[in-house]
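Working notes for the structure below.
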Amino acid sequence: MNSNRLKKQIGTAILISASTLLIYSCGSKAPSEAKEVKDSTATVADKGKKPQNEFFTIPSPIELAQIMKRAGVIYNKDLLNSPKNVSNYSSNNSKALNLGVYGADLSYSTIFNQTQESVNYLNCTKKLADGLGITGAFDESTLKRMDANSGNSDSLLQIISDSFSNSNDALKENPQSSNFALCVVGGWIEGLYIGTQVAKTTKNNTDIITRIAELKGSLKNLVMLIESRKDAEGMASVLDDLKAIQSIYNEGNAAGDSKPTVTTDSKTNVVSIGGKSSFTLSKDQLEKITLKAESLRNSIIKS
Amino acid sequence: MNLKNISKLVILVLASNLPLIGSAQCNSFVKSKCIPNMKPYINSGQTNASTLIAGDHTEISRTFYSGQNYRIMVCSQASLGDVKFNLKDAGNNIIFSNKGYGNLWDFKCETTQELTIEVITASSSDAGLDKSGCVSILIGFKQ
């Protein structure tokens, strides 16, 4: 092949590639979550070779409800957002935030085997999901599956998890929308709110406070997620609110100096990760986080 | 342009656009081939999936809570070849590598830890220049 012909072929290839790119960017769906978060994530990358892709994760509302229950949190339906409020949310941002709030409340009521409350909160999530154009995540078949598995909490949690997964995937399909991020924020804030409110009224609250301290890492991921969408409508104030909570966490040594170790039980072959882990909050930090969580959560449910 | 050169051109065009056209197929692959293998663990509800090429390096950081049992699964299309994953502590030290364990790993968390899952696809010299495929990092939990 001579060089002129090669140049011509490469030129043709570039032209076709550029055309494909143009068609893709005008009419197709989002690049993956990973690529959107990539540039704002430097914590790990700074320590070595920068990864080409970085993904995002925070604990699901179901997991947060599980760990809070184990820490001694009791069920108090008065702490949850009333299902009656669902019709108050008219803007897309308030629908997305409260889809997260109701998703967390659905998780709490299910973890504590409050079947009727779970159905009520599932109906709330369905209404808001419908309002955001998400179909198939929380639908009639979900209700039927929950009804058929009402005595089996593990199955119920699987069903809810599947619904969250479908809902998150649908929300992420629109790259210009902040709905996915707001939904995640709503769920996280509701979890923090419930934890701090219960800690305030529980005598032996040491384990609950430890769980609240352990949320520092997920808050960091949440801030990175919002920063990657900070130009979208309504995101700047959400970012300010989250950073205000983050600065309270950063006042102390909430992250601790962990030193994990991996061991395998020779009899059971069960692998465990243990080792040093110290997550603490001072009384002053806890009070400030409690106040901030209450204020932010109440502004979300009244929006 | 002869048939051989047309084939080269098609491969060049496809290779340059694979990361873009693969997103929908990637999500479909994760739903059908990966998530079902998480049971009996509850999937965290967030699907982290992307089309990667040979030699890519990807990370995800997360808090793992004491008292919980976890399953980490790195699920990838066969076209990508070997995909390795490491679990690293906050100091970037590797505390687990999946070599000899397959694509999933179950463990119990006795103390709360902030860990990073690092995923590395085989380099191009090992896997060939045209290798790409969907990779998903899934995290499941149970009490």
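Taken together, the values in this text are just the output of simple stated rules run on the coordinates, not laboratory data. Since we're looking at a predicted model, the values are computed, not measured. Every residue, glycine among them, receives a Cβ derived from its backbone with ideal geometry; neighbour counts consider all protein chains shown.
Take the Cα of A:SER150, step 7 Å toward its Cβ, do the same at A:LYS267, and the gap between the two points is 4.2 nm. Note on segment A:61-301: semi-axes of the ellipsoid equivalent to its C-alpha gyration tensor, largest first and rounded to whole Å, are 28, 23, 18. When each of A:ILE62, A:ILE245 is scored by the number of other beta-carbon atoms lying within 10 Å, the sequence from fewest to most is A:ILE245, A:ILE62.
Using a cutoff of 8 angstrom between alpha carbon atoms and counting only pairs six or more residues apart, the relative contact order for segment A:61-301 works out to 22 percent. For segment A:195-208, 3J(HN,Hα) computed residue by residue from phi via the Karplus equation (6.51, -1.76, 1.60; θ = phi - 60°) reads x, 5, 5, 5, 4, 5, 10, 10, 5, 8, 9, 4, 5, 5 Hz, glycine and proline entered as x. Overall shape of segment A:152-196 was characterised from the C-alpha gyration tensor. The equivalent ellipsoid obtained from it has semi-axes of 22, 18, 4 Å, in decreasing order.
When the chymotrypsin sites (Phe, Trp or Tyr not before Pro) in segment B:16-109 are filtered for DSSP coil states and for at most 14 other beta-carbon atoms within 10 Å of their beta-carbon, the remaining sites are B:TYR101. Here the residues A:LYS203, A:LYS69, ranked from fewest to most Cβ neighbours within 10 Å of their Cβ, fall in the order A:LYS203, A:LYS69. Here's the picture: charge each Lys and Arg Cβ at +1 and each Asp and Glu Cβ at -1 in segment A:106-216, and of A:LEU182, A:MET146, A:SER163 the one pushed furthest to the positive end of that dipole is A:LEU182.
Taking only the C-alpha atoms of segment B:22-142, the Rg (one decimal) and the largest Cα-Cα distance, Dmax (whole number), read 14.2, 44 Å. Cross-linked pairs A:LYS276/B:LYS84; A:LYS172/B:LYS108; A:LYS69/A:LYS127; A:LYS77/A:LYS126; A:LYS126/A:LYS220: Cα-Cα separations exceed 23 Å for A:LYS276/B:LYS84; A:LYS172/B:LYS108; A:LYS69/A:LYS127; A:LYS126/A:LYS220. Note on A:SER91 and A:GLN116: the model spin-label points, each 7 Å out from Cα along the C-beta direction, lie 3.6 nm apart.
Phi angles of segment A:268-279 translate, via the Karplus equation with coefficients 6.51, -1.76, 1.60 and θ = phi - 60°, into HN-Hα couplings of 9, 6, 6, 8, 10, 10, x, x, 5, 7, 9, 10 Hz per residue; Gly and Pro are given as x. Along segment A:80-85 the Karplus relation, 6.51 cos²θ - 1.76 cosθ + 1.60 evaluated at θ = phi - 60°, assigns HN-Hα couplings of 7, 6, 5, x, 5, 6 Hz to successive residues, with x for each Gly and Pro. The order of A:LYS283, A:LYS288, A:LYS230, going from fewest to most other C-beta atoms within 10 Å of their C-beta, is A:LYS283, A:LYS230, A:LYS288.
Each part gets one Cα centre, and for segment B:85-107 versus segment A:151-220 those centres are 26 Å apart.
Using C-alpha pairs below 8 Å separated by at least 6 residues, the relative contact order for segment A:60-133 is 39 percent.
Label positions at A:ALA236 and A:GLU173, each projected 7 Å from the Cα along the C-beta direction, are separated by 3.1 nm. Between the alpha-carbon centers of segment A:54-122 and segment B:23-39, tell me the distance in whole angstrom. Cα centroid to Cα centroid, the span is 26 Å. Magnitude of the charge dipole for segment A:61-301, about its Cα centre and with charges confined to Cβ atoms of Lys, Arg (+1) and Asp, Glu (-1), is about 480 debye.
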